[in-house]
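Just below is one structure, and these are the notes that go with it.
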Amino acid sequence: MDVIDVIVTKRDGGELSTAQIDWVIENYTSGAVADEQMSALNMAILLNGMDRREISDWTKAMIRSGERMDWSALDRPTTDKHSTGGVGDKITLPLSPAVAACGGAVPQLSGRGLGHTGGTLDKLESIPGWRARLSNAEMLAVLREAGSVICAAGEGLAPADRKLYALRDVTGTVESIPLIASSIMSKKIAEGTSALVLDVKTGSGAFMKTPERARELARTMVELGHDAGVDTVALLTAMDRPLGRTAGNALEVAESLEVLAGGGPADIVELTVALGREMLAAAGIYGKDPADALRDGTAMDHWRRMIIAQGGDPDAPLPVARETHTVTAPASGVLTRLDALAVGVAAWRLGAGRARKEDPVSAGAGITWHAVPGDRVEAGRPLFTLHADEPVRFERALQALEDACEIVPDGVPRLLPLIIERIV
Ligand code: URA
């Protein structure tokens, strides 16, 4: 086979055969196909798309590039959630132990934050002692002990995707629905879960800015899941405003602890419970409700077991930033808009996120908002608290927040519903 033929087929709008896809993924992983050739093919895919059969073949080839994990030794069904990422999205933290408390096994491989969206591993690493890197045997031991595990994907999982995603990142080829869907689903299918719930976000703070694009991504991923024998459901959810009241690593752990203690912001609780119910139903577990697990302390009990099993101290004080800065409301009225992207960029500039994969993050940095859309605010009262280790960061975060809010006397917010649609 000739790589130029593969590139030209897609450049001219043709369909790649199964053999071409298998060959190109295998030879890119081994290094026989060069980065510049794969970049040209990625760009041709971004411009001309792939049909359902091609996306399915592409995903299967990426799964075959590495190991497929196996949880058949467990005595309970596996079920997982993947979020396409957003601002203040700490749902995995209360969700995984809540589902474990209801009888599911949650083998969750998570990522780190890049840009304005946070990463679950960065959040959990603010807990003293907690370890993201586990061997497969350690993952199994934590699952047996706590019912859920949250850790980093090992090197052996979909190595073709790791190489390809890094290349797409630097060649302007991330924003292709076939490539995003196959990238996410190859990792989730290789992770070995038998049921999967996708939280596909839309709005300013999401990857997919419009519900139409988010719906197309969700449908594509649900189809890939079904093709691979994984019971897959997607919820399309709002990311026009941030979730909860905080964005930042330790700040979000603290907020998640409030949810695990039976309180916390209403939107976090609503989404946690909705996703948890979907995860249990997809795994065939009925008669248990994650809302009860949050209320009766069993979710918190499973959280503590999971944190301890991964080396963390659930009672240790969480890190706090060295400096804070309060932003007050410029006028009185109803907060009608709080822009997710602006809040995410502000948190990132405060030190909560990273611009390059190698950058460190600050555990204590981030932002707290004291009102959510629909709330009445008073001029001069605190609207945001900014947290950073270096005060020099405040100015650039404040710039990001300049147009983040709209306050209108007797205004009514125009928001997406928190849960927009269910896609099966
Ligand atoms: N997340 C992934 O894992 N892959 C993509 O392509 C985009 C987001």
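Could you work out how much longer the chain between Glu138 and Glu406 gets when fully extended? Use 0.36 nm per residue separation minus the Cα distance between them, nm to one decimal. Before the final figure, lay out the partial values.
Working: separation 268, 0.36 × 268 = 96.48 nm, distance 4.83 nm.
That works out to 91.6 nm of additional length.
Charged side chains reduced to their Cβ positions (Lys and Arg at +1, Asp and Glu at -1) give the chain a dipole of some 280 debye around its Cα centre. Label-to-label distance, Arg52 versus Glu421, with points set 7 angstrom from Cα along the beta-carbon direction: 1.6 nm.
If you take the Cα centroid of the range 214-242 and the Cα centroid of the range 1-65, the two points sit 23 Å apart.
Expressed as a whole percent, the proportion of Cα-Cα pairs in the range 3-49 lying more than 11 Å apart is 63%. A crude spin-label estimate for the pair Val170 and Glu390, with each label 7 Å from Cα along the Cβ direction, gives 2.5 nm. What is the local net charge at Ala137, summed over the other residues whose Cβ is closer than 15 Å to its Cβ (Lys, Arg +1; Asp, Glu -1)? Summing Lys and Arg as +1 and Asp and Glu as -1 gives -1. Note on the range 80-309: the alpha carbon radius of gyration divided by the globular reference 2.2 N^0.38 Å gives 0.94.
If the cut-off is a Cα-Cα distance under 16 Å, which aspartates and glutamates reach Lys163, setting aside same-chain residues fewer than 8 apart in sequence? Counting by Cα, and skipping residues close in sequence, Lys163 has these aspartates and glutamates nearby: Asp22, Glu26, Asp35, Glu36, Glu67, Glu155, Glu358.
Since only Asn48, Ala153, Asn249 are under comparison, the one whose Cα sits farthest along the positive direction of the charge dipole of the chain, derived from C-beta charges on Lys, Arg, Asp and Glu, is Asn249. Of the DSSP beta bridges with both residues in the chain, give the percent that are antiparallel, rounding to the nearest 5. Here the antiparallel bridges make up roughly 55 percent for the chain. Each part gets one Cα centre, and for the range 78-141 versus the range 302-381 those centres are 18 Å apart.
With each label modelled as a point 7 angstrom along the Cα→C-beta vector, the Arg381-Arg295 pair spans 3.0 nm.
Any read-out appearing in this document is the output of simple, stated calculations on the displayed coordinates, not a laboratory observation. Please read all numbers here as calculations on a predicted model, not as lab measurements. Cβ atoms come from the backbone with ideal geometry, glycine included; neighbour counts cover every protein chain shown.
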